[in-house]
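Colleague: Take a look at the following structure, please.
The values are calculated or read from the model by the stated rules, or taken from the named source; none is laboratory data. What you see is a predicted model; the values in this text were computed from it and never measured. Methodologically, a virtual Cβ is constructed for each residue, glycine included, from the backbone with ideal geometry; neighbour enumeration extends over all protein chains shown.
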C-alpha cells in the first residue's frame, strides 16, 4: 500500500481551515475531499474528479445503511414541517401558559416547553419564542432571558434524544467511522453508551432550573434584567397583551394536533422496538426502520387531525411534508460529503499517520478533553455543530482507536465540544434563531448568555479530565452536584435578585 505520509493530513486539515475561514461546511468538505482525491490520483484533476464521484460519493450513496439514513432524515424533516404548519405545538403550550402567574413559573414553563419540543432545534426557537414572549412581557422578564432559555434547550435536548434527526445523524457518522476502523460495535448502542458522558448537554440543560431556584442572575444577564424592570410599564404591557389575545382567539389552533402526533410517534416507536427486543434483538436496521415508520405514522395522524380540526386537505398536508423533506437536503449533503471524506482519509491512512505523530506525547486519558477543546474552537469559529461532528468523527475517531483512547469518551467529547462552541458562537444558526424567536437583540443575547455557557463549558472540561482517568457514568452525577453547589455560591456572592 502507498505511504502518503504528511499528504494524508491535507484533506481533513484543509476541510477544518476552510470551514473556519469560509463558514461554509459544504464548500469546505467538498474541497477537502477533492484534495484527497487529487493526492490519490497523482494530482491529475480529471482522474481526481472521477475518483471522488465514483469511488467515494457514489460508493457511499450505494451503501444500504447510508441510503436508509438519508431516507429517515428526509421523513423526519417532513414530519417537523407538517407539525409546525399545524400550529399544534403552539396551541399546546398556549394552553399551559394560562396557568402561569409568577416569573419563576414562566421561566420553568419555557424551559419545560423547550424540553418537550425535542424533535427539532430550529422549531424550538420558532415555537417557544413567539409563545412565551407575551408571557415574559407580562411577568416583566427580559427578552435576553427568554433567548437564553430557548438557545439552551434547543440543540442540547435534540442531541440527547436518540430518535431525533440529530440522533440519526450522529449514529450514521459513528457507523461510518466504525466501518473505517474495523469496530464491530453497534452504532446505536454506542450512542446510548455515550449518553451519560454528554456532559455539556446534560449540565447546560440542568443549569436553567438550578439558576431559577436561586432567584438570582449573574453578570450581563443580571444587568439586562434590572434594566428591563426599570423601564417596564406594566399597565401598557398588560393592555397590549390582552389586545393580542383578542385578535388571535378566533383562529386559535387545537393542541389535540400536537398531542395526537406525539402520542402516535412514541407509541408506535415503543411497540416496534419492544417487538424486536423480545424476538431477535434490536439491530441497526431495526432502529432506522422503526424511526422511519413511526415518523410516517405520526405524520399521518397529524394530517388526519389537521383535516378534522383545521379543515386542511390531505393534499396540502402532503405539500407541507414534502417541503419539510426539502429543508433537510442541506444536512443530507453534509452527510454524504462527510462519509466521502472519511472514506478518502481511510485510503490515505490519515488516522495511522496522525497517531504516529502524536506517539506518546498525549496521554490517552487526556485525549477526550483535548478533543472537547478542539471541537469547541472549531464549532465556535464555524457556527456549525453539524459540520464539526462530521469532520471530527471522520478524522478523530480513527486516531482515538489507534491511540487506544476511549471511543465512548471521544465521541462524547466531539458532541460536547461541537455543542458548546455552537452555543456560544454569534454566527450559529440556533443562536440567531433564539434571538429572533425572543425578539431580542442578537449581540445582547450572545453577551448575556456567554457567562452561563462558559461556566458550564469549564465544568465540562473538568468532567472530561476526570472521566479520562475514571470512566464511569457516576462522573455526571458528581458534576451535577458540583454545578448545583457552584451556582448557589456564585449567586449568593455575585448574583443579583431577579424577581
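Colleague: Which residue out of 37, 62 is in contact with a helix residue (DSSP H, G or I) (Cβ under 8 Å, 6 or more places away or on another chain) and either in contact (Cβ under 8 Å) with a residue 60 or more places away in the chain or more than 29 Å from residue 379 (Cα to Cα) (or both)? Even if it seems obvious, please write down each step before you answer.
Modeller: Numbers: 62 fails: in contact with a helix residue (DSSP H, G or I) (Cβ under 8 Å, 6 or more places away or on another chain).
Just a single option satisfies the conditions, and that option is 37.
Colleague: Still on this structure: Residues in the range 444-482 that are free of Cβ contacts under 8 Å to residues at least 12 places away in the same chain and either within 19 Å of residue 207 (Cα to Cα) or in contact with a strand residue (DSSP E or B) (Cβ under 6 Å, 6 or more places away or on another chain) (or both): how many?
Modeller: Filtering the range 444-482 down to residues free of Cβ contacts under 8 Å to residues at least 12 places away in the same chain leaves 458, 470, 472, 474, 477, 481.
Filter again for either within 19 Å of residue 207 (Cα to Cα) or in contact with a strand residue (DSSP E or B) (Cβ under 6 Å, 6 or more places away or on another chain) (or both), leaving 458, 474, 477, 481.
The qualifying residues number 4.
Colleague: A further question on this structure: Is it the case that some residue within the range 18-27 is within 21 Å of the chain's Cα centre (by Cα), surrounded by 18 or more Cβ atoms within 10 Å (Cβ to Cβ) and either assigned to a helix (DSSP H, G or I) or in contact (Cβ under 8 Å) with a residue 24 or more places away in the chain (or both)?
Modeller: yes
Colleague: Let me spell it out: the conditions are (1) closer than 20 Å to residue 370 by Cα; (2) surrounded by 15 or more Cβ atoms within 10 Å (Cβ to Cβ), and residue 469 meets all of them except one. Which number is the exception?
Modeller: Residue 469 satisfies all of (1) closer than 20 Å to residue 370 by Cα; (2) surrounded by 15 or more Cβ atoms within 10 Å (Cβ to Cβ) except (2).
Colleague: Among the residues of the range 222-274, count how many are touching a helix residue (DSSP H, G or I) at 6+ places or on another chain (Cβ under 6 Å), closer than 22 Å to residue 140 by Cα and modelled with pLDDT of 85 or more.
Modeller: So the count comes out to 1.
Colleague: Something else now. For the range 32-45, check the following and say yes or no: at least one residue is in a helix (DSSP H, G or I), farther than 30 Å from residue 308 by Cβ and within 27 Å of the chain's Cα centre (by Cα). Don't jump to the end; show me each part of the working.
Modeller: Initially, the range 32-45 is screened for residues in a helix (DSSP H, G or I), giving 32-40, 45.
Still in the running and farther than 30 Å from residue 308 by Cβ: 32-40, 45.
Then keep just the ones that are within 27 Å of the chain's Cα centre (by Cα); that gives 32-33.
Among the residues of the range 32-45, at least one is in a helix (DSSP H, G or I), farther than 30 Å from residue 308 by Cβ and within 27 Å of the chain's Cα centre (by Cα), which makes the answer yes.
Colleague: Now a separate question. Taking the stated definitions as given, is residue 398 more than 17 Å from residue 204 (Cβ to Cβ), assigned to a helix (DSSP H, G or I) and within 20 Å of the chain's Cα centre (by Cα)? Outline the logic, then answer.
Modeller: Numbers: more than 17 Å from residue 204 (Cβ to Cβ): yes; assigned to a helix (DSSP H, G or I): yes; within 20 Å of the chain's Cα centre (by Cα): no.
No: the conditions fail for residue 398.
Colleague: Tell me which of these residue 346 doesn't satisfy, since it passes every other one: (1) more than 30 Å from residue 52 (Cβ to Cβ); (2) touching a helix residue (DSSP H, G or I) at 6+ places or on another chain (Cβ under 8 Å); (3) at pLDDT below 85.
Modeller: All conditions are met except number (1).
Colleague: Taking the condition surrounded by 22 or more Cβ atoms within 10 Å (Cβ to Cβ) and under 20 Å from the mean Cα position of the chain (by Cα), does residue 192 pass? Before you say what the answer is, go through the steps one by one.
Modeller: On the way: surrounded by 22 or more Cβ atoms within 10 Å (Cβ to Cβ): no; under 20 Å from the mean Cα position of the chain (by Cα): yes.
Here the answer is no, as residue 192 does not meet what is asked.
Colleague: Going by the conditions given, is residue 309 crowded, with 17+ Cβ neighbours inside 10 Å, in a helix (DSSP H, G or I) and more than 24 Å from the chain's Cα centre (by Cα)?
Modeller: On the way: crowded, with 17+ Cβ neighbours inside 10 Å: yes; in a helix (DSSP H, G or I): yes; more than 24 Å from the chain's Cα centre (by Cα): yes.
Considered against the rule, which asks whether it is crowded, with 17+ Cβ neighbours inside 10 Å, in a helix (DSSP H, G or I) and more than 24 Å from the chain's Cα centre (by Cα), residue 309 comes out as yes.
Colleague: Pairs only if they're at least six apart or on different chains, beta carbon under 9 angstrom, first in the range 307-333 and under 14 Å from residue 83 (Cα atoms), second not in a helix (DSSP H, G or I); list them, first residue then second.
Modeller: The qualifying pairs are 307/313; 309/253; 309/254; 310/87; 310/253; 310/254; 320/312.
Colleague: Which of (1) more than 23 Å from the chain's Cα centre (by Cα); (2) modelled with pLDDT under 80 does residue 287 not meet, given it meets every other one?
Modeller: Single failed check for residue 287: (1).
Colleague: Which of the residues that make up the range 385-408 are closer than 13 Å to residue 369 by Cα and buried (at least 24 other Cβ atoms within 10 Å of the Cβ)?
Modeller: 396, 400, 405
Colleague: Scan the range 474-482 and tell me whether some residue there is modelled with pLDDT of 95 or more and farther than 23 Å from residue 214 by Cα. Outline the logic, then answer.
Modeller: Within the range 474-482, the first condition is being modelled with pLDDT of 95 or more, and the residues that meet it are 474-482.
Adding the requirement that they be farther than 23 Å from residue 214 by Cα leaves 474-475.
Taking every residue of the range 474-482 in turn, at least one turns out to be modelled with pLDDT of 95 or more and farther than 23 Å from residue 214 by Cα.
Colleague: What are the residues in the range 269-306 that are touching a residue at least 12 places away in the same chain (Cβ under 8 Å), part of a helix (DSSP H, G or I) and loosely packed, with under 14 Cβ neighbours inside 10 Å, if any?
Modeller: 285
Colleague: Let me ask something else. Which residues, counting only those in the range 149-183, are at pLDDT 85 or above and part of a loop (DSSP other than H, G, I, E, B)?
Modeller: Listed by number, the residues that qualify are 182, 183.
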